[in-house]
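Some notes on the structure that comes next.
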Protein chains: 2
Amino acid sequence: MSNSARRPHVVIIGTGFGGLFAARRLRRADVDITMIGRTTYHLFQPLLYQVATGILSEGEVAPAAREVLHRQKNVRVLLGDVSRIDLEARTVTSLSPIGETVTSYDQLIVAAGAGQSYFGNDHFAEFAPGMKSVDDALELRGRIFGAFEVAELVAADHEKAREWLTFVVIGAGATGVEMAGQIAELAHRTLRRDFRHIDPGDAKIILLDAVPTMLGTYSPKLQDAARKRLEKIGVDVELGLKVVGMDDEGVDVVDLENNRRRIPARTKVWAAGVAASPLGKQLADQTGAEIDRAGRILVQPNLSLPGHPEVFVVGDMASLDKLPGVAQVAMQGGAHAADEIRNGLRGKETGKPFHYFDKGNMATVSRFSAVAQIWKLEFSGFLAWLIWLAVHIFYLIGFKNRVTTLLHWAVTFIGRDRSERTATEQQVFARNAMARLRADEQDKQPAA
Amino acid sequence: MSNSARRPHVVIIGTGFGGLFAARRLRRADVDITMIGRTTYHLFQPLLYQVATGILSEGEVAPAAREVLHRQKNVRVLLGDVSRIDLEARTVTSLSPIGETVTSYDQLIVAAGAGQSYFGNDHFAEFAPGMKSVDDALELRGRIFGAFEVAELVAADHEKAREWLTFVVIGAGATGVEMAGQIAELAHRTLRRDFRHIDPGDAKIILLDAVPTMLGTYSPKLQDAARKRLEKIGVDVELGLKVVGMDDEGVDVVDLENNRRRIPARTKVWAAGVAASPLGKQLADQTGAEIDRAGRILVQPNLSLPGHPEVFVVGDMASLDKLPGVAQVAMQGGAHAADEIRNGLRGKETGKPFHYFDKGNMATVSRFSAVAQIWKLEFSGFLAWLIWLAVHIFYLIGFKNRVTTLLHWAVTFIGRDRSERTATEQQVFARNAMARLRADEQDKQPAA
């Protein structure tokens, strides 16, 4: 696709934090920007766990990127799943329901993010969805709320009911902690009065990790505070347990002494590992650049691709100085790549190294309780939660969503309800099981 | 399933308006109630078109039935798709992901509603989803917003772009009118600034019906007002056009003079016909009761099944006195069936005929404009819209959803945005097309 005006054409792959902050930083630059996204929503991924647990709607965490950017006239957003980057021809090929689109670029910012990694056990995906997309979150929402529905049906069989009331969250980083905390509050607070044969308060929520610590990037003091709070709201934290097998009915784990045991649990959530977009490997193959175990490209200090000063890799796809895979790094990286491009166009010096300014980290454990590490300061409990709340309200993009999000939070945190419990009928588990049963049923009925 | 206390056991099939109002009416009755639902949400179906067009979230129109009823201790809600009713054994068999559940009843209220009817053209379903479930609405949301995304991609090919920017709504009853009006406002107001290569204002919205009138249950004056308003906001109303064929790219229609023509249009919505749940036919087969063309059972004047005073059929499944298939009829019918059951249990006279009290009908045409017929009074325009707003706010169940719903309406009606534009990647059209393309792409890539 060519642009009629011969302004430099900057192509951004991805509508996440990296891509969005790069595009915004270029709003006054004399360039044409094309943003290509597999979905065209901008996903506020740190709140995805709230979609999975029925607090927020998908619209609240995933506004359309073109809506967010509608005032910025030098950017267009195109639907497309980028399948190939040709560094020599300087083109990007993307797939959409109508076929292939080829887009030429002068400068390229690759910000395609990361997907879930099952560390070589890809068959786990069927049993333990990850937390990377709106579809993941809705799949999990269906499974989590559905598990209580099924438990109510099988209540007379205590062992079966217990299987359905056991939730295993694998990976005790921030996402896993937040997910486990929210499932616990859902079971022990929200659903308490809704069932007749089971007590959702009996639900068992297990947070596992293969390493012996949780929230690895936080100080031991905050780790301890988070763990105490989780245990208080009914989450079993089991560290040093590695998942070695998985099926519909449970999880097989091995502890640090190599003892194997089985945890019967129908609902599993994978919050353990990430793997950068496969576009990383394509770039490495074409340049000889290195990629790390998570598929991230070892970029130059200014975030450019080795040997290709016109190409930048930011966010979860880039490996530099062991920066963590968090939204802040992506935002600042996107902005830095945009600055490099602007400087180059104005004839200014480029090659300025990217310095990440760590504004801090925080994770909510439950309502009114979080842990936060800001510069040298550490907070836990209610104060940390207030900081979490303020920061998230500030960053949520789009006025209207901010207001309804606040309302939904009020409903859940001050009240005990959840506004967004509705699941579709598309959950893989339910769909497959029901299709089987309906076919059986058809066979049984006398021919009409 | 047996109940420990030997109170009469009332089974209600369906969590829609009929089932819910029956259950509520029995809240002080000395009975045990089991409500069995295919999904366990209570769908506020008259607002489903707002989910499809990005105004409301699915949680706002479909709260969990067990949440709505959580204070009513004599009712339990069970997940299950009822596959068989055995009138002799007085049992109901339902399917859920874990298998079959058989529930015995003393009294039965069948309120399983209706699905879409394609009048014998079931293959239309793939091209023109109906408007009956949350899944339908999300499928349509994905197709409608997706059509603009694809049009932006193919903008250079004007003919193709026009195909993608043409929306055909089939069926000019209240649902069709509301849907067409909302797609028009979406295109002409909300999306106006979001695209760079297409002008969503060029979108063509066509509202078709095989009969020569629209909003058949309203007076000619209101029909006329609605039509004028629709045309003003850019909807082409084409009556007396029967759909005789359909594929991915368009619709084939025949007019009243039997002229055939083709309307190229990528996005089609089916709002034309309903067919009662197939459980109706089962009941008819077991009793010899008559069913009408829409699959509805001809019930006794008190809504009971002929020959089975312990079984009631209400809402969209029942045919009596040509009552319309609207929420009000289902609500009042459910309550009437409950009254009959209560009277029977108290030894009072039963067999009281059901009299529908018509509170009026209304349909929104666009923001600030509706038509309403209340007793002998007729309203159109802004006043009718205010009545619509008041009635819907009053009926929406659950405080929290009422507040966010109001906010979302403020965003859309006072502002011009829509808060819930996010589509999943599960839309049938997109999923199939992308799967094909990705497979092609795989073949092209050199083996790794």
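Would you pick out the residues in region A:354-390 that are part of a strand (DSSP E or B) and on the phi > 0 side of the Ramachandran plot? I'd like the intermediate steps shown before the answer.
Narrowing region A:354-390 to residues part of a strand (DSSP E or B): A:361-366, A:369-374, A:377-381.
Matches in region A:354-390: A:Gly381 only.
So how many residues does region A:279-301 have that are open to solvent by 70 Å² or more (accessible area, probe 1.4 Å), without any contact (Cβ under 8 Å) to a residue 60 or more places away in the chain and in contact with a Leu (Cβ under 6 Å, 6 or more places away or on another chain)?
The total comes to 1.
Please go through region A:88-112 and pick out each residue that is open to solvent by less than 20 Å² (accessible area, probe 1.4 Å) and more than 14 Å from every other protein chain (Cβ to nearest Cβ).
Step one: list which residues in region A:88-112 are open to solvent by less than 20 Å² (accessible area, probe 1.4 Å), which gives A:92-96, A:99, A:101, A:103, A:105, A:108-111.
Residues satisfying the conditions are A:Tyr105, A:Leu108, A:Ile109, A:Val110, A:Ala111.
Assess whether A:Val51 counts as being closer than 29 Å to A:Val411 by Cα, hydrophobic (A, V, I, L, M, F, W, C), touching a residue at least 12 places away in the same chain (Cβ under 8 Å) and surrounded by fewer than 21 Cβ atoms within 10 Å (Cβ to Cβ).
Details: closer than 29 Å to A:Val411 by Cα: yes; hydrophobic (A, V, I, L, M, F, W, C): yes; touching a residue at least 12 places away in the same chain (Cβ under 8 Å): yes; surrounded by fewer than 21 Cβ atoms within 10 Å (Cβ to Cβ): no.
No; evaluated as a whole, the condition is false for this residue.
Please find, within region A:233-254, the residue that is farthest from A:Lys268 (Cα to Cα) out of those that are of a type outside the set (A, V, I, L, M, F, W, C) and touching a residue at least 40 places away in the same chain (Cβ under 8 Å). Give the derivation first.
Filtering region A:233-254 down to residues of a type outside the set (A, V, I, L, M, F, W, C) leaves A:234, A:236, A:238, A:240, A:242, A:245, A:247-250, A:252.
Right, trim to touching a residue at least 40 places away in the same chain (Cβ under 8 Å) and you get A:234, A:247-250.
Working: A:Gly234: 17, A:Asp247: 10, A:Asp248: 9, A:Glu249: 10, A:Gly250: 8 Å.
The qualifying residue farthest from A:Lys268 (Cα to Cα) is A:Gly234.
Evaluate the following for A:Glu139: is it of a type outside the set (A, V, I, L, M) and under 17 Å from the mean Cα position of the chain (by Cα)?
On the way: of a type outside the set (A, V, I, L, M): yes; under 17 Å from the mean Cα position of the chain (by Cα): yes.
Against the criterion (of a type outside the set (A, V, I, L, M) and under 17 Å from the mean Cα position of the chain (by Cα)), A:Glu139 qualifies.
Just name the residue that is most open to solvent (accessible area, probe 1.4 Å) out of those in region B:329-350 that are in contact (Cβ under 8 Å) with a residue 40 or more places away in the chain and closer than 20 Å to B:Asn361 by Cβ.
B:Gln332
Whether any residue in region A:8-23 is free of Cβ contacts under 8 Å to residues at least 40 places away in the same chain, surrounded by fewer than 22 Cβ atoms within 10 Å (Cβ to Cβ) and more than 20 Å from the chain's Cα centre (by Cα) is what I want to check. Working first, answer last.
Restricting attention to region A:8-23, the residues satisfying the condition of being free of Cβ contacts under 8 Å to residues at least 40 places away in the same chain are none.
Within region A:8-23 (the criterion being free of Cβ contacts under 8 Å to residues at least 40 places away in the same chain, surrounded by fewer than 22 Cβ atoms within 10 Å (Cβ to Cβ) and more than 20 Å from the chain's Cα centre (by Cα)), the answer is no, since none of the residues qualifies.
Return the residue satisfying two criteria in turn: it lies in region A:47-87 and is touching a helix residue (DSSP H, G or I) at 6+ places or on another chain (Cβ under 6 Å) and in a helix (DSSP H, G or I), and of such residues it is farthest from the other protein chains (Cβ to nearest Cβ).
Here the residue is A:Tyr49.
Within the bounds of region A:84-94, is there any residue that is farther than 24 Å from A:Asp339 by Cα and among the polar types (S, T, N, Q)?
Scanning region A:84-94 turns up at least one residue that is farther than 24 Å from A:Asp339 by Cα and among the polar types (S, T, N, Q).
Hey, can you tell me all the residues within region B:233-278 that are crowded, with 17+ Cβ neighbours inside 10 Å and among the polar types (S, T, N, Q)?
B:Thr267, B:Ser277
Among the residues of region A:211-221, how many are surrounded by fewer than 20 Cβ atoms within 10 Å (Cβ to Cβ) and either closer than 21 Å to A:Ile233 by Cβ or not hydroxyl-bearing (Ser, Thr, Tyr) (or both)? Reasoning before the result, please.
First pass over region A:211-221, keeping only residues surrounded by fewer than 20 Cβ atoms within 10 Å (Cβ to Cβ): A:211-213, A:216-217, A:219-221.
In the following step, the residues that additionally are either closer than 21 Å to A:Ile233 by Cβ or not hydroxyl-bearing (Ser, Thr, Tyr) (or both) were identified as A:211-213, A:216, A:220-221.
Qualifying residue count for the region: 6.
Conditions tested, residue by residue: (1) in contact with a Pro (Cβ under 6 Å, 6 or more places away or on another chain); (2) acidic (Asp, Glu); (3) under 30 Å from A:Val150 (Cα atoms); (4) in a loop (DSSP other than H, G, I, E, B).
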position	(1), (2), (3), (4)
A:Asp224	no, yes, no, no
A:Asp236	no, yes, yes, no
A:Val243	no, no, yes, no
A:Asn258	no, no, no, yes
A:Arg262	no, no, yes, no
A:Lys268	no, no, yes, no
A:Asp285	no, yes, no, no
A:Ala289	yes, no, no, yes
A:Gly295	no, no, no, yes
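Residue-wise test of (1) more than 19 Å from B:Val211 (Cα to Cα); (2) within 25 Å of the chain's Cα centre (by Cα); (3) assigned by TED's automatic domain parsing to the domain that holds B:Ala151.
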position	(1), (2), (3)
B:Arg260	no, no, yes
B:Arg296	yes, yes, no
B:Gly315	yes, yes, no
B:Gly325	no, yes, no
B:Val329	yes, yes, no
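Given (1) touching a residue at least 12 places away in the same chain (Cβ under 8 Å); (2) touching an Asp or Glu at 6+ places or on another chain (Cβ under 6 Å), identify the lone condition not met by B:Tyr118.
(2)
Which number in (1) surrounded by 16 or more Cβ atoms within 10 Å (Cβ to Cβ); (2) assigned to a strand (DSSP E or B) marks the one condition that B:Leu230 misses?
In the conditions (1) surrounded by 16 or more Cβ atoms within 10 Å (Cβ to Cβ); (2) assigned to a strand (DSSP E or B), B:Leu230 misses (2) alone.
So, A:Ile393, is that one part of a helix (DSSP H, G or I), away from every other protein chain (no Cβ under 14 Å), farther than 16 Å from A:Glu178 by Cα and open to solvent by less than 20 Å² (accessible area, probe 1.4 Å) or not? Talk me through it step by step, then tell me what you get.
Working: part of a helix (DSSP H, G or I): yes; away from every other protein chain (no Cβ under 14 Å): yes; farther than 16 Å from A:Glu178 by Cα: yes; open to solvent by less than 20 Å² (accessible area, probe 1.4 Å): no.
When the stated conditions are applied, A:Ile393 does not pass them.
Scan region B:113-146 residue by residue and report those that are more than 13 Å from every other protein chain (Cβ to nearest Cβ), in a loop (DSSP other than H, G, I, E, B) and open to solvent by 40 Å² or more (accessible area, probe 1.4 Å).
B:Phe119, B:Gly120, B:Asn121, B:Asp122, B:His123, listed by residue number.
If you take the residues of region B:160-191 that are surrounded by fewer than 24 Cβ atoms within 10 Å (Cβ to Cβ) and either without any contact (Cβ under 8 Å) to a residue 40 or more places away in the chain or outside the structural domain of B:Lys242 (by TED's automatic domain parsing) (or both), which of them is farthest from B:Lys232 (Cα to Cα)?
B:Lys160
The values are calculated or read from the model by the stated rules, or taken from the named source; none is laboratory data. Here the structure is a predicted model, which is why all the values come from computation and not from measurement. Counting neighbours? That spans all protein chains shown, and the Cβs are built from the backbone with ideal geometry, glycine included. Quick note on the areas: whole protein, heavy atoms, side chains included, nothing else; ligands and nucleic acids left out. Shrake-Rupley method; radii C 1.70, N 1.55, O 1.52, S 1.80 Å.
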